[in-house]
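Input: a single structure, listed below in structure tokens.
What follows is calculated from the coordinates using simple rules that are stated; it is not laboratory data. The model shown is predicted, which means the values in this text are computed figures rather than measured ones. Here Cβ is always computed from backbone atoms with ideal geometry, including for glycine, and neighbour counts include all displayed protein chains.
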């Protein structure tokens, strides 16, 4: 019995190298690993591009909002002719928060209408414009200025404030990238 184990030992230790099946299995595992890495890099590249577009759009919206913070309260508004000339993308908001009603009264959700550039410094804001971002891409910037009703926690209605909403979209597809809103009260305006 001892002699038969000694004869088997050289056969177990001996190896003629990889066979075709082992080589094929190793190549398949390597290919799957490389494809997974490629998919990960492709996905991260897409996410970085999306994040860059979103941050550029947010910077454009913040920049536009800062213009409103730098002017007097009574100059915050849109010209009636400019609102009437806006396209369907501007007037057809799906969330119903904005209406193309041109009413100089304090009607809730109606557009704040003022004469073009009534004071100095003035906004000269148009409802929609196309701007180029820092990344060189064109963006559509829509400005909505509406009246908003303010109520206390007890449900007591107060005076209306001007709600300025800036929506930044892709210029080609109108996909919304950023939306910034800020309210302006008559008492805080200069």
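With a point put 7 Å past each Cα toward its Cβ, work out how far residue 81 is from residue 51 in nm, to one decimal.
In this crude label model, residue 81 to residue 51 measures out at 4.7 nm.
If you stretched the chain out fully between residue 39 and residue 187, how much longer would it get, using 0.36 nm times the residue separation minus the C-alpha to C-alpha distance? Please list the in-between numbers first.
Values: separation 148, 0.36 × 148 = 53.28 nm, distance 5.54 nm.
My answer for the length gained is 47.7 nm.
Calculate the spin-label point distance for residue 32 paired with residue 72, positioning each point 7 Å from the Cα along the beta-carbon direction, and give it in nanometres.
7.3
So for 32, 166, 176, fewest C-beta neighbours within 10 Å to most, what's the order? Intermediate values should be presented prior to the final figure.
Details: 32 10, 166 25, 176 13.
Least crowded to most crowded, the residues run 32, 176, 166.
Going by average Cβ neighbours within 10 Å, how do the peptides 52-62, 78-88 rank, with the highest at the top? Before the final figure, lay out each step's value.
Working: 52-62: 17.8, 78-88: 15.5.
With the highest mean Cβ count within 10 Å placed first, the list reads 52-62, 78-88.
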